[in-house]
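Before any comments, here is the structure.
The values are calculated or read from the model by the stated rules, or taken from the named source; none is laboratory data. Only a predicted model underlies this, so the values are computations on that prediction, with no experimental measurement involved. Cβ atoms come from the backbone with ideal geometry, glycine included; neighbour counts cover every protein chain shown. Only protein heavy atoms, including side chains, enter the accessible area calculation; ligands, DNA and RNA are left aside. Shrake-Rupley method; radii C 1.70, N 1.55, O 1.52, S 1.80 Å.
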Number of protein chains: 2
Amino acid sequence: VTSPRARHPWAWGWADRFPDDTQRDTLATMVGALLGVEALPRLALPTAADRKLPPSRLSVAALPAALQGFVRGDDDARAAHTYGRGYLDLVRGLRGDYAHAPDLVATPRDESEVEATLAWARAAGVAVFPYGGGTSVVAGFEAIARPEHHGTLTLSLRAMRRVLSVDPVDRVAHIEAGATGPELEAGLGEYTLRHFPQSFEFSTLGGWIATRAGGHFATLYTHIDDRVQAVRVLSPAGVWQTARVPASGAGPDPCRWILGSEGTLGVITSAWVRVLPRPRWRLSASVRFDAMAEAVEAARAIAQAGLHPANCRVLDPLEALLHRVSAADGGAVLLLGFESADHDPTAAMDRALRLATTAGGTCPGGVLRRFDAEGVREAASAQWREAFFEAPYLQSALVSLGVLVDTFETAVPWSRFEALHADVVGSVTEALQRVCGGGRVSCRFTHVYPDGPAPYYTFLGPATVGQELDQWAAVKSAASEALARHGATITHHHAVGRTHRPWYDRERPDLFAAALAATRKVVDPTGMLNPGVLTD
Amino acid sequence: VTSPRARHPWAWGWADRFPDDTQRDTLATMVGALLGVEALPRLALPTAADRKLPPSRLSVAALPAALQGFVRGDDDARAAHTYGRGYLDLVRGLRGDYAHAPDLVATPRDESEVEATLAWARAAGVAVFPYGGGTSVVAGFEAIARPEHHGTLTLSLRAMRRVLSVDPVDRVAHIEAGATGPELEAGLGEYTLRHFPQSFEFSTLGGWIATRAGGHFATLYTHIDDRVQAVRVLSPAGVWQTARVPASGAGPDPCRWILGSEGTLGVITSAWVRVLPRPRWRLSASVRFDAMAEAVEAARAIAQAGLHPANCRVLDPLEALLHRVSAADGGAVLLLGFESADHDPTAAMDRALRLATTAGGTCPGGVLRRFDAEGVREAASAQWREAFFEAPYLQSALVSLGVLVDTFETAVPWSRFEALHADVVGSVTEALQRVCGGGRVSCRFTHVYPDGPAPYYTFLGPATVGQELDQWAAVKSAASEALARHGATITHHHAVGRTHRPWYDRERPDLFAAALAATRKVVDPTGMLNPGVLTD
């Protein structure tokens, strides 16, 4: 059953959310002013006729009968599953360039159909690309086969999206991998998984696990890793299901070998995840600082105090402006939030505010307190959250105005942040100047740890139509090299995919790379799963 | 530099802590009464002359000169590194049976000497057994080679035990793997690793990482896993050092592949670990319940409330008695503790107590509050902690009185605990009755998670001299089979070793076992590291 509301063919999110020409003109004026360019071009949007797909190399009619009920080879299905939603995807979508469309799209409805798909593909020498919500920003599932493959098949989990069980005693839910955030939350009743990545509305549990997705919450349970009790994975060699126990010390954790495997070690079909009652108390505060460095110091003090805030985000002045945070007046902002389903977290908020003001912050608005005896539904979100979930829509619109706009994120020890930040801002600004003639870079912290922050950068500049891919590659490379120079990870929660592969290869131990390849050989002897990603 | 205080040759801990004959007689009377036997035998303790070692198959004199400075082949060194401190080890130590003594003991002083040892052993076809504090209770490093090996070498990390750096900004310390708990804590100054396994005084950081050791604290950061930022490992194939970042989403976590590898994937030489200021506030309370089930319900409510207590231990009546908890009067006890270096955790303690009393508990003693402006040194420990660290001494003494006494632990979802517990107690009691003519079983929770507890069982019964190993195997098997029947893990924090291997093999996914073997083949192509453990 597909939702009647249509996804946009190439831009982020729902088709009906893409701005009309008038809205685009307004946006072009605003962002043009930000970038200091007179006019941003309102680019023509592609029509269905502009869509260029290579012919499919595989025929549905030639498939075994058992597969024909859930495999499609038409161009609509192929185009809809070609790209994620990174900058490269948006540009190619805008151009109507679907050169990497898969030959087939399978949407199995149960594990036996997943198995049948894998068995057929293995026998046929077809590469298989596991697909969740299609929101990758790192070309994580792009259907590029190796020369020995006879075609490509994208395997969507979207027909497997039931919440199979919710155990209120253990607070564990068993959920099929293809469920999106809203789908699984709807099935959890009075509970919540409490995992809200920016892609929440469209991305899937299986995708989160495959990519070690980061959620909205800033401390403690930051990645989906922390919420997964057990996984069930089908690979060409069989089933990999981990023990359903709260913890174990028996050997290396088999679940952790799957987390982050990006479709290369098997198809995640379901998982047992830890759920919580929905929060009833929710406290928030916005703290202003004259200098970014002071806000960083406050965030560090709070991250190291054992207070576990739900929100602890530093926004530099430009981020504060872009996210419409009220306190934005040229200073940096620290957004603080505490939530609980069990108790009033006022004491923790008070302590965090004390640490923030000691570091030089002021909190003119005081603490916003909300209490909901029923438990807060996330849909009733604060302005910050709305801006947070709207950001990808904005990126798509800007791409249609000829803006080079993307984000990247990392994590680094506190002691290295200042030098990293200066180098990143300098290198990206220089690259934008060189390839775009100018641009802006902003920074916020999405997550903070006792040992360091996870800075998240947004950059934008005026692109040159037709040269966007090269321009982006130059800026992205400048950013990634700066991260590498300071020992910062190439990704805190966006995954590796094809985009980050060169830097990932430098970051991980060589022996680990060899071990991962050996593991893959065990579960996928022919190397048919997402070839080119992580291994090969 | 070795401490002048001597370790006991086979019993737990310091030699000077082993009870004298009078103390043993007193203990024999007390425990005899508990077991309902008239008199426990005070067994003769072995002298050095009773020690039976096979001759070493390898000669130090024949080693390359570079190794001779740190390799020993004398019987004292070999015997001292033969056994851990599990029941089987204690019985064999008491018998003077050192059949599995390694041929050589290497104690390299730096990484180059580790490398030289591995290179020589590989060329010579000698199996290598990485060794930390020698406190394994699962035969984790017993030097049993495979037929193709020409001898065995135990590789002790104890000469590599420096705290190399402490970063107060990042709150990360770089520590050599051979440091014991007290050694590393002494080097951390005003910080603490806050990891206190029962073996703390003797076990090492590298051993903790290799075995995924559990610490003293009952929630949140339960295993050493949670405190490790990065590891450095030397294997026969080279170095595996992970990135020093607070978090990353780049592929499966290379650090998590090492955690729990039990010496089979390389020698952990150092690690970067997250440290904390020592706690200043420390609150504790002891809550009494008429029924164990009520205490379990209280523990669940607290574990699921997001309060993160440092201590949240359920003790059944026998455990309460054995640990000399004051509230022990035939009821079950819940020990609660909250600690912080940053703030007074009274609000959290009050909420936890409210949850406990709602579940039927009473807290006649109220909350014990301690504040220490300097930060609490762990040595100044409460009665519970003293009893906790003393338990292994007691086990050794009891073994010398002919008592079959051991512990095992697991983790299981809350919803399965009641049935598991009944089965475990029933099966172990039945086995004790069958092989010993009677005995006792007690239970406590060492750790609690939102999705389940980690129950820890102690059993004891009168053994028959000469038949202890078979008797123990019968009871251990009954316990392990009960765990397996209920899907409980074979170990929450004692590791796998040789003792748990049969059940571990059933618990882990078969494909994971194959992947682990393939990984081992990459880092240790000849299978020389701790053969027989986890893989092979």
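Residues in the stretch B:228-261 that are open to solvent by less than 10 Å² (accessible area, probe 1.4 Å) and among the acidic types (D, E): 0 in all. The single residue among A:A328, A:A301 that is at pLDDT 95 or above, more than 8 Å from chain B (Cβ to nearest Cβ), open to solvent by 20 Å² or more (accessible area, probe 1.4 Å) and outside any strand (DSSP E or B) turns out to be A:A301. Within the stretch A:482-502, can one find any residue that is of a type in the set (D, E, K, R), surrounded by fewer than 22 Cβ atoms within 10 Å (Cβ to Cβ) and within 7 Å of chain B (Cβ to nearest Cβ)? For the stretch A:482-502, residues of a type in the set (D, E, K, R), surrounded by fewer than 22 Cβ atoms within 10 Å (Cβ to Cβ) and within 7 Å of chain B (Cβ to nearest Cβ): absent.
Reported count of residues in the stretch B:214-246, each being of a type in the set (G, A, S), within 9 Å of another protein chain (Cβ to nearest Cβ) and in contact with a helix residue (DSSP H, G or I) (Cβ under 7 Å, 6 or more places away or on another chain), is 4.
Residues that are within 19 Å of A:A139 (Cα to Cα) and either hydrophobic (A, V, I, L, M, F, W, C) or modelled with pLDDT of 95 or more (or both): does the stretch A:28-41 have at least one? No; the residues of the stretch A:28-41 include none that is within 19 Å of A:A139 (Cα to Cα) and either hydrophobic (A, V, I, L, M, F, W, C) or modelled with pLDDT of 95 or more (or both). If the condition is being in a strand (DSSP E or B) and in contact (Cβ under 8 Å) with a residue 60 or more places away in the chain, then the stretch B:153-172 contributes B:L153, B:T154, B:L155, B:S156, B:L164, B:V166, B:V172.
Residues in the stretch A:198-212 that are within 14 Å of chain B (Cβ to nearest Cβ) and open to solvent by 10 Å² or more (accessible area, probe 1.4 Å): A:Q198, A:S199, A:G207, A:A210, A:T211, A:R212.
Taken over the stretch B:503-512, the criterion of being in contact with a helix residue (DSSP H, G or I) (Cβ under 7 Å, 6 or more places away or on another chain) and either open to solvent by less than 20 Å² (accessible area, probe 1.4 Å) or within 8 Å of another protein chain (Cβ to nearest Cβ) (or both) is satisfied by B:R508, B:P509, B:L511, B:F512. Residues in the stretch A:465-481 that are more than 14 Å from chain B (Cβ to nearest Cβ), touching a residue at least 60 places away in the same chain (Cβ under 8 Å) and not acidic (D, E): A:V465, A:L469, A:Q471, A:W472, A:V475, A:K476, A:A479.
Which of the residues belonging to the stretch A:307-325 are at pLDDT 90 or above and not in a strand (DSSP E or B)? The answer is A:L307, A:H308, A:P309, A:A310, A:D316, A:P317. Looking only at the stretch B:273-298, filter to residues that are within 30 Å of A:A213 (Cα to Cα) and surrounded by fewer than 24 Cβ atoms within 10 Å (Cβ to Cβ); which one of those is nearest to the other protein chains (Cβ to nearest Cβ)? Result: B:R274.
Listed here are the residues, each with its yes/no results for (1) within 14 Å of chain B (Cβ to nearest Cβ); (2) modelled with pLDDT under 95; (3) within 24 Å of the chain's Cα centre (by Cα).
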position	(1), (2), (3)
A:M349	yes, no, no
A:T357	no, no, no
A:R385	no, yes, yes
A:D406	no, no, yes
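Do the conditions hold for A:F141, that is, is it at pLDDT 95 or above, touching an Asp or Glu at 6+ places or on another chain (Cβ under 8 Å), closer than 19 Å to A:T204 by Cα and buried (at least 24 other Cβ atoms within 10 Å of the Cβ)? It is false that A:F141 is at pLDDT 95 or above, touching an Asp or Glu at 6+ places or on another chain (Cβ under 8 Å), closer than 19 Å to A:T204 by Cα and buried (at least 24 other Cβ atoms within 10 Å of the Cβ). Restricted to the stretch B:468-536, the set of helices (runs of 4 or more DSSP H) holding at least 2 residues that are within 30 Å of B:L94 (Cα to Cα) comprises B:468-485, B:501-507. Contact map, the stretch A:505-527: first residue within 21 Å of A:V128 (Cα to Cα), second residue assigned to a helix (DSSP H, G or I) and open to solvent by less than 10 Å² (accessible area, probe 1.4 Å), Cβ cut-off under 6 Å, separation 6 or more or different chains; pairs are A:A518/B:T519; A:T519/B:A515; A:V522/B:A515. Of the residues A:A515, A:A454, the single one that is at the interface with chain B (Cβ under 7 Å from one of its Cβ atoms), aliphatic (A, V, I, L, M) and closer than 20 Å to A:L318 by Cβ is A:A454. Within the stretch A:247-268, if we keep just the residues that are under 30 Å from A:A341 (Cβ atoms) and in contact (Cβ under 8 Å) with a residue 40 or more places away in the chain, the residue that is farthest from the other protein chains (Cβ to nearest Cβ) turns out to be A:I268. Considering (1) among the hydroxyl-bearing types (S, T, Y); (2) part of a helix (DSSP H, G or I); (3) away from every other protein chain (no Cβ under 11 Å); (4) within 22 Å of the chain's Cα centre (by Cα), the lone condition that A:S427 does not fulfil carries the number (4). For the stretch A:213-227, a residue qualifies if it is part of a loop (DSSP other than H, G, I, E, B), in contact (Cβ under 8 Å) with a residue 40 or more places away in the chain and either of a type outside the set (A, V, I, L, M, F, W, C) or crowded, with 23+ Cβ neighbours inside 10 Å (or both), and the qualifying residues are A:A213, A:H216, A:A218, A:T219, A:T222. When you check A:R416 against the structure, is it within 14 Å of chain B (Cβ to nearest Cβ), basic (K, R) and within 30 Å of B:S165 (Cα to Cα), yes or no? So A:R416 fits the description; yes. Just one residue in the set B:V428, B:V399, B:V441, B:V448 is open to solvent by 10 Å² or more (accessible area, probe 1.4 Å) and either β-branched (V, I, T) or touching a residue at least 40 places away in the same chain (Cβ under 8 Å) (or both); that residue is B:V441.
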